[in-house]
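For reference, the structure is listed below as structure tokens.
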Amino acid sequence: MRTRNCEHIMDTYLALDKNERIPSAVTLHLLTCKTCRTQVRLLTKAERIVAHPLAVETPISDKSITSLMRKIIPSWSWENAKPVSMHGWIFGGVLMVLFMLAFGFFQSAIHSETLLLSFYLVFALAISAYCAIFVGTNLDFFVKKIEKIVPARL
């Protein structure tokens, strides 16, 4: 049964550009509404079938990227391009693990079981939040990696 909300969600989904991140409200609706989820799945399959004959391998070189970027932004150069860095995530993860190891060395001084349990729960929540935020902010990267590992079925 389609509702106004379903129509609004589908309009929002169809207004997105290809490979654009799907808003969380649309994702939540698609997880809960079987009708819309089925329609999106069928649209995705139809797009893959239609685009398949048009897929042409184009070699990417520095010259082709430079010429394309200069058509978009005339002042573009490789010096202005900033590489994507995972240093912040790695530093944060290593720091979190070091704090947990330091806590493990000093836990013998804590004799309260409830305090010990609360520290472990805080650590578990910190790890879960770290992983969820990491995956959530890098979702496009993971989706592309999964599509390379598991080829899309038509």
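The values are calculated or read from the model by the stated rules, or taken from the named source; none is laboratory data. Remember, predicted model here, so these are calculated numbers, not experimental data. With ideal geometry, Cβ positions are generated from the backbone for all residues, glycine too; neighbour counts draw on all protein chains shown. The protein model used for the area step is the full one, side chains on, heavy atoms only, and it has no ligands, DNA or RNA in it. Shrake-Rupley method; radii C 1.70, N 1.55, O 1.52, S 1.80 Å.
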(Q) Need a quick list: helices (runs of 4 or more DSSP H) entirely within the stretch 1-101 having at least 3 residues that are at pLDDT 85 or above and open to solvent by less than 80 Å² (accessible area, probe 1.4 Å). (A) 4-15, 24-32, 34-51
Q) Mind checking which pairs have a first residue in the stretch 14-26 that is among the acidic types (D, E) and a second that is in a loop (DSSP other than H, G, I, E, B) and open to solvent by less than 100 Å² (accessible area, probe 1.4 Å), Cβ under 6 Å, 6 or more apart or different chains? A) none
Q: Would you tally the residues in the stretch 109-126 being open to solvent by less than 70 Å² (accessible area, probe 1.4 Å) and at pLDDT 80 or above?
A: 4
